[in-house]
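Notes to accompany the following structure.
The values are calculated or read from the model by the stated rules, or taken from the named source; none is laboratory data. Small disclaimer: the values here were computed from a predicted structure and weren't measured. Backbone-built Cβ (ideal geometry, glycine too); neighbour counts: all protein chains shown. We work out accessible area using only protein heavy atoms, side chains counted, and drop any ligands, DNA or RNA first. Shrake-Rupley method; radii C 1.70, N 1.55, O 1.52, S 1.80 Å.
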Amino acid sequence: MAGGGDTTVKVETPHALNQGVGYGIVIGLGALFALGMILVTFILKRYNRELQTSEMFNTAGRTVKSGLVGSAVVSSWTWAATLLQSSGVCYRYGVSGPLWYASGATVQILLFATLAIELKRRAPNAHTFLEAIRARFGTLPHIVFMVFGLVTNILVSLMLIVGGSATINALTGMHTIAAIYLLPVGVVAYTVVGGLKATILTDWAHTFILLLIIIVFALAAYASGEALGSPSAVYDLLVAAAQRHPVEGNHEGSYLTMRSREGAIFFVINIVGNFGTVFLDNGYYNKAIAASPVHALPGYILGGLCWFAIPWLTATTMGLSGLALENNPRFPTYPNRMPEADVSAGLVLPYAAVALLGKGGAAATLLIVFMAVTSATSSQLIAVSSIVVYDCYRTYVKPEASGKRLIYMSHVVVAGYALFIASFSVGLWYAGISMGYLYVMMGVIISSAVLPAALVLTWSGLNKWAAALSPVLGLCVALVAWLVTAKKECGEMSVACTGSNMPMLAGNVAALLSPVVFIPVLTLIFGMEKYDWKSMMDIKRGDDHDVADSEGVDLEEVPGAREESEREMEEEQKKLTRASKISKSVTVVLTLALLILWPMPLYGTGYIFSKPFFTGWVVVGIIWIFCSFIGVGLFPIYEGRETLARTCKYIWWDVTGKKNVKAIHAEQAAAAGQVVGGGKSVVVTEGVTPGDMTPEEKSVKGEKEKGEKIASL
């Protein structure tokens, strides 16, 4: 089953690492990343004038490039479940599981690219997608979607912490409750100090390390490892495993076929549930808001395609290695098969890693799980912080809140939410609710709000009542479908039964598709709206002048804080309109390829992989993961090479005394065509003739040489 409620007695296995390693990774590495990000935040403030305003904290200045957007998307979508649950699905169903998991969770990121562009085009100053909903419909739909958005963040956060702590406990013996409370500590530290920018930079670092470890696992299993060492060896052992315990519902009981009844059911549950966790998670809208206009679309397309390889190859490597080695003394549960409770808890990957690489494999697993949990958790902290601060506090409590007050509230929410999630996770641990159960249940709870949320940004005819009521009515239908199916299937309402495939399938499908009925009905009853999109354009940024004044800085000099001119706004809208048209075509083509053109012919024919075909399958996965490493590991470095070189130069000048910080800032202003100090800063747009310049820009043109002279002193 795909759910997490099995009551099979757990087989006790020795821990591959001691508790000291667990505490060392969780506390030591967490502190190292926190200190590193605090240092980076200091450097950006000192040399790049990135003042930590409320806007910078929650939007990263809206200037992030496509490489970092892509790595942030990959990191945010690489939960503990991505690595652990996908390997478990592969262990249950064979080669079909990784592809069902990866394709069923990639299309949402690709399709979301269109919503990302629409949000930037319709509401360029928004901090959350909920602000756009309130600007269009008012209070009632805003509150409804706020509840669904926060529930989404809570479920995702719980899954991260519950899954990560279970794996750490299995590998090191570190007490689960200690892991639950300690995992978020370092994340809170660097998120409070650096905000969304620190989160995005940490996302890149985590993704870089994660991809390297996945490559090591793949090469150990399929190229050079002692335990296996080649696709041919794995293939032979999978054939033997199918003879020992054929898979019920798979064609001829084989682990080497895409035709898997239970795998296909999981595929549908996966697609439906993941629409909610992307389209309703403010963390993904945060990335869209943080991206500069020309980088939002390529960032999301790059992120989606690079992410695909992570669950596909990780599960194809570790899930199949688990099956291949379960009859080997190297395997932790030998001579028994893994109990379903362990599979649902996400322990296939760590057990396979121990069998492949011994203690080194256990340490690598601990590291990637830590990376996945902490990076995705930081995204959730910012997502919840921006909702509470901008959609609750600034909207309903203190509309005139200053920049300093908004920053203070952001810090409070980040710390408070981390404590809340840790405490909630302890309750789930005592109740016996695993990561697998949360993963498949999520769609039942939240997916009824997916279609209305998408239509808010894409269809001018949606009315207030259809937007507000269809998610609630859909949730009621989904709960009834889920629980009635569970009662009919099992005759009881246990965790094991409600977490099984058929009840979850019924609930997930009812949740996603019921608004298809409710929205037209409510549109007929209350009429079709003719929305002009103007109120979304009127959303205001936070007022951070008090923050800038306290630091003695002109707010217009802070990157991302300068007010855009009318001409710049028009140019931005042209770029976004073009990107919107491209995104709709590209995302539809890629979605059809991943959901139909690739898997369905293999499913329909019931083809059982031959040894050469399986070898080619594995080789494609390894090539893809190397391309992912280039795309979201190396490309962000290349894309930011000039900024990196310039910042290193400024640090060298400052450390050696060649130039002080004031002279460095003067050089930056001269290069950008800004006037520093005194009054409002104005940027001279390159390529604009004097006849097209504003009076302020003409003035700056005459001052630019002066700034260059200052910089040379």
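Quick notes on this one:
- Measuring r between the beta carbons of GLU489 and VAL620 and using R0 = 60 Å, the FRET efficiency lands at 0.95.
- Put ARG541, ARG330 in order of accessible area, highest first, and with a 1.4 Å probe you get ARG330, ARG541.
- Taking the inverse of the mean 1/r over every pair of distinct Cα atoms in the range 450-514 gives a Kirkwood hydrodynamic radius of 12.8 Å.
- Point-to-point label distance, VAL239-LYS464, nm (Cα→Cβ direction, 7 Å offset): 6.8
- For the chain, the longest principal axis of the Cα atoms and the long axis of helix 261-279 meet at an angle of about 20 degrees.
- Rel. contact order, % - alpha carbon contacts under 8 angstrom, at least six apart, the range 376-535: 24
- For LYS659, the amide hydrogen comes within under 5 Å of the amide hydrogens of ASP654, counting only partners 5 or more places away or on other chains and with H modelled in the peptide plane.
- Förster radius 60 Å - calculated FRET efficiency between LEU39 and VAL521 (Cβ-Cβ, nearest 0.05): 0.60
- Added length on full extension, which subtracts the Cα-Cα distance from 0.36 nm per residue, ARG330 to SER232: 33.3 nm
- When the charge dipole of the chain is built from unit charges on Cβ atoms (+1 for Lys and Arg, -1 for Asp and Glu) and taken about the Cα centre, the candidate among TRP598, TYR47, ALA383 whose Cα reaches farthest toward its positive end is TRP598.
- Rel. contact order, % - alpha carbon contacts under 8 angstrom, at least six apart, the range 223-374: 20
- Only Lys, Arg (+1) and Asp, Glu (-1) charged, at Cβ; the range 342-416 dipole about Cα centre in debye: 280
- Filter on LYS574/LYS659; LYS65/LYS659; LYS398/LYS649; LYS464/LYS487; LYS197/LYS574; LYS287/LYS530 - keep pairs with C-alpha separation over 32 Å: LYS574/LYS659; LYS398/LYS649; LYS464/LYS487
- As a rough guide to protection, the peptides 397-403, 30-36, 273-279 ranked by mean Cβ packing within 10 Å, highest first, stand as 273-279, 30-36, 397-403.
- Efficiency of FRET from Cβ geometry, ILE582 and LEU634, R₀ 30 Å, rounded to 0.05: 0.75
- Helix 611-629 axis, angle to the chain major axis (alpha carbon atoms, nearest 10°): 20
- Computed on protein heavy atoms with a 1.4 Å probe, the accessible areas place PHE613, PHE518 in the order PHE613, PHE518, largest first.
- When the pairs LYS45/LYS120; LYS575/LYS662; LYS534/LYS581; LYS45/LYS404 are compared against a 28 Å limit on Cα-Cα distance, LYS575/LYS662 fall above it.
- Dipole in debye (nearest 20) - the chain, about Cα centre, beta carbon charges: Lys, Arg +1; Asp, Glu -1: 300
- Among residues other than GLU529 with Cβ under 11 Å from its Cβ, the summed charge is +2 (Lys and Arg +1, Asp and Glu -1).
- On Cα atoms only, tilt of 661-672 relative to the major axis of the chain in degrees: 90
- Counted charge near VAL40, where neighbours are those whose Cβ lies closer than 14 Å (Asp, Glu -1; Lys, Arg +1): +1
- Positive-end extreme of charge dipole, the range 183-335 - chosen from ILE213, LEU302, LEU325 (charges on Cβ): LEU302
- Highest mean first, the peptides 241-253, 283-295 sorted by other C-beta atoms within 10 Å per residue fall in the order 283-295, 241-253.
- Here the 3J(HN,Hα) profile of the range 236-243, calculated from phi with Karplus coefficients 6.51, -1.76 and 1.60 at θ = phi - 60°, is 4, 6, 5, 4, 5, 5, 5, 6 Hz, Gly and Pro shown as x.
- Near PRO452: Cβ cut-off under 12 Å, other residues only, Lys/Arg at +1 and Asp/Glu at -1. The net charge is +2.
- Computed on the chain, with alpha-carbon pairs under 8 angstrom and 6+ residues apart, the relative contact order is 27 percent.
- Of every Cα-Cα pair in the chain, the percent that sits beyond 32 Å: 52
- Only DSSP H runs of four or more residues enter the estimate; each adds -39500 (n - 2.57), and after division by the residues of the chain the mean residue ellipticity at 222 nm equals -23500 deg cm²/dmol.
- Accessible area per residue for the chain is 36 Å², calculated with a 1.4 Å probe on protein heavy atoms, without ligands, DNA or RNA.
- Accessible surface of PHE424 - all protein chains present, 1.4 Å probe, nearest 10 Å²: 80
- For ASN250, the residues whose modelled amide H falls within less than 5 Å of its own, excluding neighbours fewer than 5 places apart on the same chain, are ARG261.
- More than 27 angstrom apart: percent of Cα pairs within the range 319-472: 50
- Ligands, DNA and RNA left out, the 1.4 Å accessible surface of the chain is 66% carbon and sulfur atoms.
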